[in-house]
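Bear in mind that the values in this text are calculations on the coordinates, not laboratory data. In this text the structure is predicted, and so the values were computed from the model without any measurement. All Cβ positions, even for glycine, are placed from backbone atoms using ideal geometry, and neighbour counts span all protein chains on display.
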Amino acid sequence: MRPLKTVIIDEEQPTRELLSTLLSSDPAIETIESTGTMGVVLNTLKHHSVDILLSDIKKAPEEMIEFATAAGKTTRPYLIYTSHQADHAVAAFDRQADDFLLKPISQERLSQAIDRAQRHIEKTKAAKQNEPLNRFEAHSGNRTSYIAPDDIDWVEAAGNYVSLHVGEQQWMLRSTMSHFENLICNGAPFLRVSRSAIVNLRKVSQLIRINPKKKHIMLSSGQTIPLTIPTKELTDRIAISTDLRS
């Protein structure tokens, strides 16, 4: 995992210097800004994807988070409030805090907070990777199309590309077959049935047994595709996709 880009905002220079020093010993952290000025932080949020925001509670980080969202950032920074007053903790969590540190901040307590931040960020990224894809951007000649996974009949390997078969049309997408398999088969009704083909299980209409060792799949479009995986794997996956649809 790359170092987590971290911004420190605190009007007290000794606190900024202490936090920067403590964080410098952690290879998982890259401090990209340390300032007491709101404008500097807003500019940093505009030009960088910030993972962690360490802020004194008086610096109104809610405004910074709203700014980051408006600037097109898809994930808000993990927000750690700091304060000299313990009774600010309740207010901190009321103001979207992910964590709270009481000053003076020790190496141990800061390290624990960073560990929590790292686990949270990794979990959030993993969840996003598991979200179903909405569209694929694919090309045919001078045309670009945005194709929904449900519209794809089957996918064919084509060197460093894959060919998306949608009805009678074919669209090229730059991707290896293995990479595309990881994208489209993650929780979606698609199955790789051979080295060179992935099928939409909801488009499968027939299983054709040519001989005991040779089988083909027929899609609702009439296209036939060789099947090289075990038949039971196909039938089990079709049953699952049917259950999920009903």
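Taking max minus min of the alpha-carbon positions on each principal axis, region 136-245 gives extents of 44, 29, 24 Å, largest first. Take 112-120, 196-204 and order them by the average number of nearby Cβ atoms within 10 Å per residue, most first; the result is 196-204, 112-120. Relative contact order, percent, of the chain when contacts are C-alpha pairs under 8 Å separated by at least 6 residues? Averaging sequence separation for qualifying contacts and normalising by length gives 10 percent for the chain. FRET efficiency for the pair Arg143 and Thr37, taken as 1/(1 + (r/R0)^6) with r the Cβ-Cβ distance and R0 = 35 Å, rounds to 0.10.
Here semi-axes √(5λ) of the Cα gyration tensor in Å was calculated from the structure, and among [x] 52, 19, 15; [y] 46, 18, 13; [z] 44, 20, 16 it sits at label [x]. Sorting 227-237, 97-107 by average packing, meaning the other beta carbons within 10 Å per residue, from highest down gives 97-107, 227-237. Adding -39500 (n - 2.57) for every DSSP H run of four residues or longer, then dividing by how many residues the chain holds, sets the calculated 222 nm ellipticity at -11000 deg cm²/dmol.
Descending by average beta-carbon neighbour count within 10 Å, the peptides 84-95, 17-28 line up as 17-28, 84-95, the highest first.
Averaging the Cα positions of each part gives two centres, and for region 133-183 and region 1-46 these lie 42 Å apart. Estimated from the Cβ-Cβ distance and a Förster radius of 41 angstrom, the FRET efficiency linking Arg209 and Arg2 is about 0.25.
At full extension, Thr176 and Asp150 could sit 7.3 nm farther apart than now, given 0.36 nm per residue minus the alpha carbon distance.
What is the calculated FRET efficiency for Glu30 to Arg95, with r their C-beta to C-beta distance and R₀ = 22 Å, to the nearest 0.05? E(calc), rounded to 0.05, equals 0.30. For the chain, the tally of Lys pairs with Cα-Cα distances below 17 Å comes to 13, considering only residues 8 or more apart or on different chains.
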